[in-house]
Each structure stands twice: as structure tokens, then as C-alpha cells.
Amino acid sequence: MFTQFIFIGLFFVVLMVGMLWDLGVFSKTTDVEVSAKQAIKHSSVWFGIGLLMTVAVYFFHGQVHQITTLQDLQRYEMEYHIDLNLGRGFDYAMDEFSRTSSISYLSGFLLEYALSVDNLFVILLIFQSFKMNGQNQKRILIWGVIGAIVLRFLFIYLGTEMVSRFTWVMYVFGAFLIYSGFKMLVAGDDDSFDTVNHPVIRFTRRWFRIWDKNPDETRFFVRNEGLLYVTIPFLVLIIVDITDVVFAVDSVPAVFGVTTDPYLVFFSNIFAVMGLRSLYFLLGAGMDQFYSLKYGLSMILVYIGLKMLLEKWAHQYGFNEVHNLLIIIGILALSIFWSVWFPKENLDSPKE
């Protein structure tokens, strides 16, 4: 129990220290643009921490679940529906547990990180539509990440409860991911955002006073003549958080398709979300260069959905976590390299 608290406590300490470091560097100036050097450094650090978590999971995930005996492994095997080869003894089964857990975490982290990039396309569109300046973008992303962590925790908790109580929920998740994947595949590239008829805007205008006299207002709330107003940056923050909820509806079930271990789902989600802010400034307006990533993500969602529907059949033919990781990496790499090898401007330009 003590080791479990230490590991989880260190996890949150790393998050807090990392967030303070991130905010400290990015908040030193009020420049409109964040330098590419800062963005690259921060993105690399967060991605590196996410990868290093794979090692921590390998060595300490057993302590998180308080596994000390073969009976503990048997309980874990039955609860999360994985084969640990218990017949070969505790040491072998423990190695299998560590290997399976670390690979499942890495698969979930890479999947969440890639889906987060797709989320950034929408966030960029929102900022551009509301004409948010650089300072407001930074502040909104700060609070957006905090809100995303809280909302992801609630989603994961509810998802874990549903999966543990109703096994058929996995089939519902699988079918939904297949639908989402095909929907993403056929969806057009919408380069506009309705800043008038969006549900959040209409709801807020109906029930609250909106302060829109200063387009560069940095506060979320303004008091004028004794009345309290909400500002446009606050509305954008709410829209960004709601957008993350919409993406979480896809991404959280997708990670449950990789592993139903709630700790691994939470770890992979949080480290992917923590890198969102710096990744946004790294990609910036150049995100449209990775145009084929959307197609790769749609293929991954369809694949994860099929995997969830055919899980038992796949295991009978020797399909395991390593194969799952390789498929996810392969699809992501192919979609990224395709964007690099065949730039969108070359495809759009008419042939002479």
C-alpha cells in the first residue's frame, strides 16, 4: 500500500512540477508568438516524459496494483481479461505482467498523443475564428489543459465502472469507434467556425452578460458599473473544454480498446494531454501540412473498434499487445510520412 501511494504521489508531483515549469517559461513574456525553440523544447520534454513512463510502468505497475502473490496475478488476469501464463510460475507471470502493462501503456500513450494532434486542428480553428491574440491563446490553453485533466478523469472513472459492470459495453465502444472512424474519414475539411450560433454562445448570451467591447481583453470576467460580465476569452475557454469532451468520447473508448486497466488508461491520457499546450505552439499554423494524419487516425479508430469486437477470436490466433503496438505505430508513421513525401500543395496544384 505504501509503495502504491509513493508511485501515484510521484506521478502527480511530476505533473505539478512539469506544469509549473511549463507555465513559468511560457509566461515570462506577453509576446504574441511563442518561439519555436521554446515550443520544441517543451514538446520534446513532455513527449520524453510520456515515453519514460513506459519504463516506470514496467518496474512499478505491480506495486500500483499491490501484486505480491500468484493469487494477485490471477485476480488481475480475470479482472482485465489478459493471459499471463500463470502455469509457468510467479516469476514468469510477473515478467509477463510487466511486459504487457508497459506495452499497453505505450500503445495508449501514442494513440492518445496522435488523437490530441487532431484536437489541436479544431482548437486552432476556434482561436482563429474568435481572433484570439497570442496572450489569450496561452491563458486559455493553460486552463484548458487543467479542465481536460479533470474531465478525462471523470470519463475514465465512468468508463471503468461501465466496463467492470457490463462486459457488453466493450462491444458498444467498438461499434462506436468504427462509426467514428468512418465519420472522420468522410468528413470534409471545414475551415470556418460559427461564432454566432454556436450553442455555447447562444446559451451564454441568453443567461449572462457578455463583455465584448475590448477585442484584446485578457480577463475572463469583467465588472462594470456594479454588473459582472463574462468575456469572449472565457467563452472560448468553455468551447475548448467542450471540444475536448467531444474528442474524449472517441479517445477514451479507444484506449479502453488497448487496455481496460484504469491506471494505464489514466496515465496515457494525462501525459498526452499535458503536452497539448506546447505541441500547439510547435505546430501552429503549419498543422495543415499533416493533412493525411486525419486519415491515419480514422484507420486507427476503425482498427481499434474491430479489435474490441473480435478480441477473443484475435487472441486465439496469437494476436497480442506487441502486434497491437506495431500496427498503431505503423499507421501513424505511414500517415505522417505520406504528408511529408506528398505535400498537400503539390497535390492541389494543377498539372501543367
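Comparing Phe234, Phe12, Phe256 in a Gaussian network model of the chain, where Cα atoms under 10 Å apart are tied by springs, the biggest mean-square fluctuation is seen for Phe12. Compared with the dominant principal axis of the Cα atoms in the chain, helix 169-186 is inclined by about 50°. Each residue in Arg206, Arg219 was given a count of other beta-carbon atoms within 10 angstrom of its own, and listing them fewest first yields Arg206, Arg219. Which of the residue pairs Lys131/Lys183; Lys37/Lys183; Lys213/Lys294; Lys138/Lys294; Lys131/Lys307; Lys138/Lys307 have a Cα-Cα distance greater than 31 Å in the structure shown? Result: Lys37/Lys183; Lys213/Lys294; Lys131/Lys307; Lys138/Lys307 exceed 31 Å. Relative contact order, whole percent, for segment 2-348 stands at 28, derived from Cα pairs under 8 Å and 6 or more residues apart. Helix 232-256 and the long axis of the chain differ in direction by around 20°, with both axes built from C-alpha atoms. The ranking of Lys131, Lys307, Lys312 by Cβ neighbour count inside 10 Å, starting from the fewest, reads Lys312, Lys131, Lys307. Taking the number of Cβ atoms within 10 Å of each Cβ as an exposure proxy, the fewest-first ranking of Asp91, Asp118, Asp72 is Asp91, Asp72, Asp118. What is the Cα centroid distance between segment 32-91 and segment 301-325, reported in whole angstrom? Cα centres, segment 32-91 to segment 301-325: 20 Å. Estimated from the Cβ-Cβ distance and a Förster radius of 45 angstrom, the FRET efficiency linking Thr3 and Arg209 is about 0.30.
Expressed as an acute angle from 0 to 90° and rounded to the nearest 10, what is the orientation of the C-alpha long axis of helix 70-80 relative to the principal long axis of the chain? In the chain, helix 70-80 runs at an angle near 50 degrees to the longest axis.
Assuming charge only on the beta carbon of Lys and Arg (+1) and of Asp and Glu (-1), the dipole of the chain about its Cα centre is about 760 debye to the nearest 20. Highest mobility in the GNM of the chain, judged by mean-square fluctuation with C-alpha springs under 10 Å and restricted to Val236, Val222, Val273, is found for Val222.
Of the residues Phe121, Phe319, Phe155, the one that moves most in a GNM of the chain with alpha-carbon contacts below 10 Å is Phe319. Extending 7 Å from the Cα toward the beta-carbon at both Glu225 and Val45 defines two label points whose distance is 4.7 nm. If you work out Rg and Dmax of the Cα atoms in Å from the coordinates, which of [x] 19.9, 64; [y] 24.8, 89; [z] 21.9, 75 do you get? Read-out taken from this structure: [z].
Coordinate-derived values only; no laboratory data. Fair warning: this is a prediction, and the values are worked out from it, not measured in the lab. Cβ sites come from the backbone with ideal geometry, for glycine too, and all protein chains shown count toward neighbours.
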